[in-house]
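FYI, it's all coordinate maths here, none of it is from the lab. Note that this is a predicted model, so its numbers are computed, not measured. Positions of Cβ are backbone-derived with ideal geometry, glycine not excepted, and every protein chain shown enters the neighbour counts.
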Amino acid sequence: VFGSILMKWRNQLSTKNLTRLAELKMYVHEEHVRNDAVKKHLNDQEDLEGPASNSEGLGATTGRSPSQGISCIAQSLIQVVDKEDQEPEYSAAETSSTAQQYSPITIKELLDYSHAEAWLGSFYQTAIRCLDDDLELYQLLNLDADGIDDPDY
């Protein structure tokens with residue numbers, strides 16, 4: 001949606017108005033999610049169309065109109081969401097027990113650079129070793145080359 005806003009009205013609206021419009025659409029979307037407007041709308045549509053037969057399952061949509069197939073899919077998704085809503089959430093005691101398994105690290109310990117020489121030295125040695133390997137390869141290629149003898153080339 002945001003991309004289509006930018007593509008259609010980019011030249012006609014200022015950046016400030018585009019930002020306001022995008023924020024408005026975002027707030028409307030959040031409000032719909034908060035109020036379960038989509039779920040209510042799909043339930044209302046299902047009530048208007050009549051009860052659908054759920055005995056055939058999702059895969060067997062032959063012989064149905066596209067709206068009936070979409071309605072069955074929407075109904076099954078609503079049922080899955082309802083099942084997820086009914087599942088018990090983790091309590092604070094359970095989450096605190098998993099948090100106690102890990103020991104907290106303070107910022108001071110995390111950003112302790114007093115032992116930086118050790119790992120910086122190993123990185124330095126690795127970089128020097130790679131540079132030496134590259135120089136050795138270039139020297140080998142120069143010895144074996146049958147190229148131009150011009151030193152300025």
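Under a plain spin-label model, where a point goes 7 Å from the Cα along Cα-to-Cβ, how far apart in nm are residue 22 and residue 106?
It is 4.3 nm.
Beta carbons within 10 angstrom, averaged per residue: use that to sort the peptides 18-24, 101-107, highest first. Could you put the intermediate results ahead of the total?
On the way: 18-24: 12.4, 101-107: 6.9.
Averaged packing, sorted descending, gives the order 18-24, 101-107.
Between residue 84 and residue 44, what length comes free when the chain is fully extended (0.36 nm per residue of separation minus the Cα-Cα distance, one decimal in nm)? It would help to have the intermediate numbers written out before the result.
Numbers: separation 40, 0.36 × 40 = 14.40 nm, distance 2.10 nm.
Additional length available on full extension: 12.3 nm.
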